[in-house]
Each structure stands twice: as structure tokens, then as C-alpha cells.
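Engineer: Just passing along the structure, written as C-alpha cells.
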Amino acid sequence: MRSILGLILGVIVGAIGAVLFTQSLPAKAGSLAARAEKAEFEWQKAEQEVKTLRAQLDPGRRKVAQRQAMEGIAQRIRSGKRVNLDDVFKGTMKPWMRDVAPLFDRGRVAGEKRRLNYLSGELTREYGLDDSQQDALNVWLDRQADANGDRIANVLDDSDSGFTDFAKVMDERSDSLRYSQKLDAFMAETLDADTLATYQTDRLTERVERVQNEAEGRVQRLDSLVELDEEQKDQAFAVLAHSSDYFDPSMQFEGLENEMSGLRPGMDANESVQGILRPEQRQLLEDRQQERRADALREFEEVGLTPPQGWEDMESGPF
């Protein structure tokens, strides 16, 4: 998954860049000012939760509560105090996106239509779909576009959803390979046996390439951190290939057959990689993970934010 900070900044700039701004840095960590700021932040957060509950009991107060939340967040940002990204999202971004939902939806639908029209034309040419098959495909694709929109709307309407929930649904929506996996069942019901065999072979080839490229790239990054020997590289490649979201048990390619990887069903890939490494390598990897976390937190602080709940799950792992 992409770097969370880049995603965060992109959404903020696109959604409320004209509203929220700051040039001041937060108080130094551990200082008296920082501790006082944290206490004030916790108090304001509790106060906001009370206001939210009251607004839920009295729908007529919802707009007032939203306006007060936005004003409070904007004031904290203007004064150089840190704000939590979940509070920014819930108090300003979600209400704003709900208010401009018609415009938001039109832009989304236009982009989806262009992408889906291209996919429909590509599949029609490659697999010789007749008019009725293409019509059925277009209907199915339109339903997927509607489902994508529903998932986004559900996140925006859920009072408990945070920024990571929104980021995840947006990231899933833009993943074309995941999308084409969902297409397989439809094509299996649409194509004749010979054409379906060709389609399935093509899809498997695409996924094999994706799995290989992912695994090779992660092995290279791991090697740059801890200097793997050749046996460790082979083992790590097998682990990371098997753990890919795009892996299929029917895949066969060089390096996949390594049985020394230690990867078992349900086991986390990072845990299995740890078992491959020597103690000094594990320490190097742990140090790198801590450095990355510290760098991310420092970047949050530089823009006056504290990270949202679950932000570390959005990172791509320790290597």
C-alpha cells in the first residue's frame, strides 16, 4: 500500500486545503508545553464525543455540532497545535464530502465510466464477445461501479469510521488487478469453454507476473537492509510469493517450490521472514522498522497532525 502520509496529504489538499492551514510547528516532545497541549487535546476530544452523542440524540443539532467541530479544529491548526487526523476527517472532511456528494459522485462516476469502457472494449476485442455478451458485461461493470460508490458512501455515513477506513476503501477501489479477479466468475458464466480456457490462462499469467515482481522487489529491499545470503533470498522469495494477495495454488514458477521457507497457512509473512533471519539480521530489521515509524511520526508532526487510529496497518511492512 502506498505511503500513508502521501495519501493523507493528497486527500486533505484535495478536500479541505482551502480551509485548514498552518505554518507553526508543535511544541517540543516531552516539554511542559507539549504535556499541557496533550491534556488539552484529551479534554477537547472528550468534550467533542459528548457533543457528538447529543447531536445523535437530536438530529437538529447535527449541523451545529459539525460547524463547531470544524471551527475548533481550524482554530487549533491556526494556533500551531497538533490535531488528530481522525478528528479532522470526522469533523471536517466527512461532513464536507457528504455535503458535496452530488459533485463528488459525478466526478467518481465519470472516472469509473472511462476506466470501465476501456476494460469492456479490451475484453471484447481479446475474447471476441458478441453484442449480447458485451451488453451483459457493461451491465455487470456498471453494477460494480455502483457497489464501489456504495462502499464509499457507507464509510462517509458511518459516524464511527475513521480516516484509515476511508483510505482503505479508496485504495481497494483503485486496484485494477483486484478488480479483474472479481471479473473471473462473471467471465466463467459468459464465455464458451475454449475462450474461457484462454481467458483463465491469460489471467493466471498476469497474476504470476505480479506475484514474481512483488516478491523479487521485497527480497531486494530486505537484502539491502540485512544482507541476505543466497539461501535466505530463495527462502524469502518463496515466503513472499506465497503470501501475496494475488497468489494462487495453481501457480508454478521458479523459486516457488522452496519448502524451507517455513510459511504455513494462516502464518503472517513477516513472522515467517523473521524465522529465516539470523539474530543480528532480525535486530537490524527491527531497528529499521522503528526508524520508519519515527520518520512517519515526525512527518505527521511537521504538518501539525497526530496519526489516525490504525495508520500503521496501512504501511507496507518493515521492508
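Read-outs: derived from the displayed coordinates by stated rules, not from any lab. A quick note: this is a predicted structure, and the numbers were derived from the prediction, not measured. Here the Cβ positions follow ideal geometry from the backbone for every residue, glycine too, while neighbour counts run over all protein chains shown.
Engineer: Among Asn154, Gly217, Thr205, whose Cα lies farthest out toward the positive end of the dipole of the stretch 128-229, if unit charges sit on the beta carbon of Lys, Arg (+1) and Asp, Glu (-1)?
Structural biologist: Comparing the listed Cα positions along the dipole, Gly217 ranks first.
Engineer: OK, next. Applying a 10 Å radius around every beta-carbon, put 270-277, 103-110, 240-247, 203-210 in order of their mean neighbour count, most first.
Structural biologist: On the way: 270-277: 18.0, 103-110: 13.0, 240-247: 19.8, 203-210: 15.2.
Descending packing order for the listed peptides: 240-247, 270-277, 203-210, 103-110.
Engineer: Send over the Kirkwood Rh of the stretch 116-214, from the inverse of the averaged 1/r over different Cα pairs, rounded to one decimal Å. Write down the numbers at each step before the final one.
Structural biologist: On the way: mean 1/r = 0.0659 Å⁻¹.
That comes to 15.2 Å for the stretch 116-214.
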